[in-house]
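Undergrad: The structure's right below; bear with me while I get my questions together.
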Amino acid sequence: MIEHDKLVQLVADACLDEKASDLIILNVSDLTIIADYFVIASGRSTVQVKSIVEHVEEKLEEQGVMPIRKEGHEEGLWGVMDYGSTILHVFRQQEREYYKLENLWGEAMEVAIEAQ
């Protein structure tokens, strides 16, 4: 079993491999029971959103980690991948600005992203 801190870093690294923009990691462990971390990232196009989601899934599968649930990525406007302790949200920039997910979790502590 992979440690929670390592899992969130793997997700973030895979997003950055695909040039995701505005990536943030929020520690939501004190605010909700659904996850410890939210990783939120943007893609500049529908193709990039799909590419980010697919790359994250591929990289984590290489580590033996499969998503519990994966939703929304087919159209490329947004995608969510649930890895238990870490939930990834990838939005096309316009959808991210509309939903403002990081504002909904404004009390969450932002976690520094480690250099690859």
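Undergrad: Could you rank the peptides 55-66, 82-93, 29-40 by their average count of other C-beta atoms within 10 Å per residue, with the highest value first?
TA: On the way: 55-66: 15.2, 82-93: 21.8, 29-40: 17.1.
Listed from highest to lowest mean packing, they are 82-93, 29-40, 55-66.
Undergrad: Right, next: Which whole-Hz ³J(HN,Hα) couplings does region 24-39 yield from phi under the Karplus relation 6.51 cos²θ - 1.76 cosθ + 1.60, θ = phi - 60°, glycine and proline marked x?
TA: Values, residue by residue: 9, 10, 10, 8, 10, 4, 8, 10, 7, 9, 6, 6, 8, 9, 10, 9 Hz.
Undergrad: So what is the relative contact order of the chain, in percent, for Cα pairs below 8 Å that sit 6 or more residues apart? Display every interim value, and only then the final one.
TA: On the way: 214 pairs, mean separation 34.7, N = 116.
Here the relative contact order equals 30 percent.
Undergrad: I would also like to ask the following. Can you give the % of DSSP beta bridges in region 30-116 that are antiparallel, to the nearest 5?
TA: Numbers: 8 of 15 bridges.
Just about 55 percent of them are antiparallel.
Undergrad: From the Cα gyration tensor of region 4-111, with a ≥ b ≥ c the square roots of its eigenvalues, which class applies: rounded if a/c is under 1.5, or else prolate if a/b is larger than b/c, or else oblate? Numbers along the way, then the final one.
TA: On the way: a/c = 1.63, a/b = 1.08, b/c = 1.51.
In terms of gyration-tensor shape, oblate.
None of the figures in this text is laboratory data; all of them are computed from the coordinates on show. The structure presented is a predicted model; accordingly, all values stated were derived computationally and were not measured. FYI the Cβ positions are ideal-geometry reconstructions off the backbone, even for glycines, and counts take in every protein chain you see.
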